[in-house]
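Input: a single structure, listed below in structure tokens.
Just so it is clear, none of the values below were taken in a lab; they were calculated from the coordinates. This structure is a prediction, so every number in the text was calculated from the model and none was measured. Note that each Cβ is placed from the backbone with ideal geometry, even for glycine, and that neighbours are counted across all protein chains shown.
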Amino acid sequence: MPALTSIRTSEGKLEIVNQLLLPHTVEFIEVSTIAEAYDAIKSMKIRGAPAIASLAALAVADYLTQNLQRASGPEWFGSVDAFREHVNVILTYLFTARPTAVNLGAATRRLSRKLQSSIDAGKDPRAIAQDLIAEAKEIDAEDVGRNKEMSKHGGEWLVERVKSQGGSGEGLNVMTVCNTGSLATSGYGTALGLITYLHETGKLQRAFYTQSTPYHQGSRLTAFELQSLNIPSTMLCDSMVGSLFQHHNIHAVAVGADRIARNGDTANKIGTYNAAVLAARHNIPFIVVAPVSTVDLEVADGSGIPIEHRPAIEACLVRGALYPTTLDANGVKQQATVMVTPEGLDGVYNPSFDVTPASLITAIVTEKGVAVKKEGEDVFDLTPIV
């Protein structure tokens with residue numbers, strides 16, 4: 001099976017894999033406008049904090065490239081002030097697509113800073129556009145390298161921790177939540193990257209992953225990625241985590257993050273907090289793996305992290321392939337969306353994320369290293385890893 005990817009650019013086209021159809025259908029859809037990029041992020045055709053940041057940046061680059069190629073150029077190319085106002089409106093619009101994921105905000109702010117620095121340098125709109133295009137492509141390109149760095153840091157830290165407690169550092173069992181692999185990033189992944197690194201270095205025995213309701217990103221996407229990488233793995237429902245910890249030797253839980261507050265409180269896919277509480281009860285290390293761009297030093301603690309609530313209907317529906325498998329005229333698996341609840345429920349609680357307090361987190365890993373709490377403290381000093 002070819003390497004999985006969430007975004008591809010070729011022949012002047014920007015495309016994403018429609019993650020709502022995975023794992024049964026691999027369909028790439030073109031994103032040719034800013035509005036289409038916004039919709040792809042908002043509707044979760046693409047998801048994962050690093051991936052949506054990359055798409056937003058590349059969509060801006062594609063938009064500017066299209067306008068540079070126009071013979072006369074649009075009206076907002078007519079002055080620096082008009083150009084700045086137009087681009088800032090676009091960046092603000094894209095940022096509102098998914099407010100919890102700090103990477104999206106980091107990407108739009110980075111482009112805004114480049115916009116201002118190019119203006120301050122006295123450049124004209126066309127030159128400023130070229131600077132923004134280069135910066136946007138860099139935002140996407142640097143993701144794979146940093147993912148491999150953090151995966152190595154986290155994997156080696158876990159191996160040494162197990163050894164320090166009398167273990168061999170081999171035959172490790174690691175559980176994860178949601179999807180944090182190549183489909184959630186520009187490649188390799190964060191928490192799933194750590195698991196991949198342990199597999200590649202011969203230290204992993206088995207990966208465990210939760211279904212991750214309500215969108216089943218674990219059972220749909222993580223399962224698909226682990227299968228493609230030939231990594232031994234086992235799926236469990238979100239409510240089975242406690243049972244898993246009771247009956248199996250789990251060496252760590254590794255999760256990603258959509259935002260990390262200054263004290264180490266971490267927002268991640270709903271169900272992460274549950275897993276952290278159970279991990280603490282069973283003395284299992286709980287590791288957060290995320291890029292520096294996910295750390296938001298302007299937010300003191302988890303109470304300041306905005307939590308996105310998805311439409312209630314999403315928690316009532318499940319989409320998948322018909323079973324037994326039914327193929328259409330083109331040999332593609334037929335899929336359907338079904339309702340698993342009574343119609344007209346008057347109350348549905350459907351947050352996308354929860355916040356795990358720093359006190360339940362053992363280590364936070366970025367591409368710059370591993371942070372642990374000082375003895376007797378419940379919060380992190382993230383200074384060395386941001």
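Of note:
- Principal semi-axes in Å for region 324-386 [√(5λ), Cα gyration tensor, largest first]: 45, 22, 9
- This ranking places Lys333, Lys13, Lys45 by how few other beta-carbon atoms lie within 10 Å of each, fewest first, which gives Lys13, Lys333, Lys45.
- Simple label model, 7 Å out from Cα along Cβ direction - Arg8 to Ile313, nm: 3.2 nm
- Principal-axis tilt of helix 272-281 within the chain, Cα atoms, nearest 10 degrees: 30 degrees
- Multiplying the residue separation of Thr25 and Ser43 by 0.36 nm and removing their Cα-Cα distance gives an extension gain of 4.7 nm.
- Here each label is just a point 7 Å from Cα along the line to Cβ, and for Ser243 and Ala336 those points are 2.8 nm apart.
- Hypothetical label at Leu322: residues of region 329-368 whose amide nitrogen lies under 13 Å (7 Å Cα-Cβ projection): 329-337
- Rounded to the nearest 500, the helix-only mean residue ellipticity at 222 nm of the chain stands at -11500 deg cm²/dmol, with each DSSP H run of n ≥ 4 adding -39,500 (n - 2.57).
- Placing +1 on the Cβ of every Lys and Arg and -1 on the Cβ of every Asp and Glu, with nothing else charged, gives the chain a dipole about its Cα centre of roughly 560 debye.
- Using a cutoff of 8 angstrom between alpha carbon atoms and counting only pairs six or more residues apart, the relative contact order for the chain works out to 16 percent.
- Full extension of the segment from Lys123 to Thr65, taken as 0.36 nm per residue of separation minus the current Cα-Cα distance, would add 19.2 nm.
- Gain on full extension, evaluated as 0.36 nm per residue between Thr33 and Asn283 minus their Cα-Cα distance, stands at 85.1 nm.
- Reducing region 316-386 and region 80-129 to their Cα centroids gives an inter-centroid distance of 29 Å.
- Every Cα-Cα pair in region 7-143 was counted, and those over 25 Å apart are 24% of them.
- Label-point gap, in nm, between Gln165 and Val292 - each point 7 angstrom along Cα→Cβ: 3.0 nm
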